[in-house]
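A.B. asks: Before I ask anything, here is the structure I am working with.
The values are calculated or read from the model by the stated rules, or taken from the named source; none is laboratory data. Model, not experiment: these values are computed from the prediction. Glycine also receives a Cβ, built like all others from the backbone with ideal geometry; neighbour counts cover every protein chain displayed.
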Amino acid sequence: MKKCFLLLSVLCVSIVAITALPACADRAPVPIEEINPGFVYVGPVGDGGWTFTLDIGRRAVDEAFPGLNSAYVESVPAGPESVAVMERLIRQHGSRLIFAGSFGYMDFVQEVAQRHPGVVFIHISGFRRAHNVGTLFGRMFQPRFLSGIVAGSLSESGNIGYVAAHPIPEVIRMINAFTLGARKVNPDATVNVVWFHSWHNPGMEREATQALIEEGVDMMAMHADTGAVAQASEEAGVFVIGYNNDMSRFAPTMHLTAPVWNWEKLFTPIVQQVADGTWESEAVWIGMKEGAVDLAPFGPAVPEEVRNMVNAERERILSGEQLIFTGPIRDQTGTIRIPEGVTMTDDEIWSMNWFVEGVIGEIP
């Protein structure tokens, strides 16, 4: 069975289900050797980023459950093609559990799930649920905030570049959290956003990075699926904050850190619940406290005082003291969007469609 993935997010309305649906608590246990989980990826497993980390999670789950026999299909577009891929995983591989790795698969997951009520579907980054469809994601905005502190501390000019995939709430809230972190240590810092409208396009990622550096940024960040931004930053001698996993191998001298995914922390409980017959449809959105997301090790250029500051903020996040999206927060126009002392709800964070003060760029 070949292998692939995706992560879109276009118009996220809420982390909870749009329609309240009864959870299916009376599922029969499924022997581990009969679960045969299938993973649908939007990019290639060798992308060095998003799909690469998803597949690390898949392999970790295989190791955690002797007898589990997973399969994956890579580079599956978010369109009707994904229906055929999921059907093939069910009919040929015998999958009783499907992980669909992109927001763009949402409607197609619902379509296939209706035809296979005995199969559990987990839609990564989506919001639509059904009796046999759950949603799954991590609170990546937490380590994004921490990485912003690193960027704001080491950028001499305060002029930071950010290469971003799609103008969707998932990406927007990451940019905002990063900007809040940068401006926590440098209130005058700006984050210059360039959209390249794709998840996986190393050439465009590189071109966007080079354009931002030519415009004078001295720090790069990214929401893209490959190591192209890090590589271009290394070549230009510009510090870079990676994404998805530790990207220091792409930028050994200029990589500072990266918000990273630990997908095994998200996948393992679901496999166990399916095996036990206890799985219920729900919206799972967990963060650093549960180990689902974290910050990569610091690069050699990060000073001790910055490491200590970030680690202190990390402890505040783990304790629940630092909630990140707590007012006062202004938008790009300087208008107070979140009053002082008010914390955004999960639904508000999940569906964020505006930029905080300090972001330079538009949301198309």
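A.B. asks: Among the residues that make up the range 104-112, is at least one of them in the same structural domain as Trp279 (by TED's automatic domain parsing), modelled with pLDDT of 95 or more and touching a Cys at 6+ places or on another chain (Cβ under 7 Å)?
C.D. replies: Within the range 104-112 (the criterion being in the same structural domain as Trp279 (by TED's automatic domain parsing), modelled with pLDDT of 95 or more and touching a Cys at 6+ places or on another chain (Cβ under 7 Å)), the answer is no, since none of the residues qualifies.
A.B. asks: While we're on this one: Can you give me the ranges of the strands (runs of 3 or more DSSP E) entirely in the range 195-266 with at least 1 residues that are of a type in the set (Gly, Ala, Ser)?
C.D. replies: 219-223
A.B. asks: Would you pick out the residues in the range 302-339 that are more than 14 Å from Ala177 (Cα to Cα) and touching a Lys or Arg at 6+ places or on another chain (Cβ under 7 Å)?
C.D. replies: Leu318, Ile336, Arg337
A.B. asks: Let me ask something else. Could you run through the range 235-263 and say how many residues are out of contact with any strand residue (DSSP E or B) (no Cβ under 7 Å at 6 or more places or on another chain) and either closer than 26 Å to Ser125 by Cβ or of a type in the set (D, E, K, R) (or both)?
C.D. replies: Result for the range 235-263: 4.
A.B. asks: Another question about this same structure. For Gln273, which of the numbered conditions (1) assigned to a loop (DSSP other than H, G, I, E, B); (2) closer than 28 Å to Gly57 by Cα; (3) without any contact (Cβ under 8 Å) to a residue 12 or more places away in the chain fails to hold?
C.D. replies: For Gln273, the failing item is (1).
A.B. asks: Still on this structure, please answer the following. Identify, from the list Arg144, Arg128, the residue that is under 18 Å from the mean Cα position of the chain (by Cα) and under 27 Å from Ile360 (Cβ atoms).
C.D. replies: Only one candidate qualifies: Arg144.
A.B. asks: In the range 147-169, what residues are under 19 Å from Ile363 (Cβ atoms) and assigned to a loop (DSSP other than H, G, I, E, B)?
C.D. replies: Result: Ala165, His166, Pro167, Ile168.
A.B. asks: Would you pick out the residues in the range 190-220 that are under 16 Å from Pro167 (Cβ atoms) and of a type outside the set (Ser, Thr, Tyr)?
C.D. replies: Of everything in the range 190-220, those that are under 16 Å from Pro167 (Cβ atoms) and of a type outside the set (Ser, Thr, Tyr) turn out to be Val191, Asn192, Val193, Val194, Trp195, Phe196, His197, Trp199, Asn201, Met204, Glu205, Ala208.
A.B. asks: Continuing with the same structure: Would you mind listing the strands (runs of 3 or more DSSP E) fully within the range 32-121 where at least 2 residues are more than 19 Å from the chain's Cα centre (by Cα)?
C.D. replies: Correct list: 71-73.
A.B. asks: For the condition touching a residue at least 60 places away in the same chain (Cβ under 8 Å), β-branched (Val, Ile, Thr) and assigned by TED's automatic domain parsing to the domain that holds Ala312, what is the one hit in Val240, Val163?
C.D. replies: Going through Val240, Val163 in turn, the sole match is Val163.
A.B. asks: For a quick check of your reading of the model, give me the residue pairs whose first member lies in the range 214-233 and is surrounded by fewer than 24 Cβ atoms within 10 Å (Cβ to Cβ), whose second is of a type in the set (Asp, Glu) and not in a helix (DSSP H, G or I), with beta-carbon atoms closer than 7 Å and at least 6 apart or on different chains.
C.D. replies: Taking only residues 6 or more apart or on different chains, the pairs are Asp218/Glu156.
A.B. asks: A follow-up question, please. Is one or more of the residues making up the range 272-289 more than 23 Å from the chain's Cα centre (by Cα) and aliphatic (A, V, I, L, M)?
C.D. replies: Yes, the range 272-289 contains at least one residue that is more than 23 Å from the chain's Cα centre (by Cα) and aliphatic (A, V, I, L, M).
A.B. asks: What pairs can you find where one residue is in the range 138-156 and modelled with pLDDT of 95 or more, the other is of a type in the set (Ser, Thr, Tyr) and assigned to a helix (DSSP H, G or I), and their Cβ atoms are less than 7 Å apart, with a gap of 6+ or different chains?
C.D. replies: Qualifying pairs under 7 Å: Gly148/Thr179.
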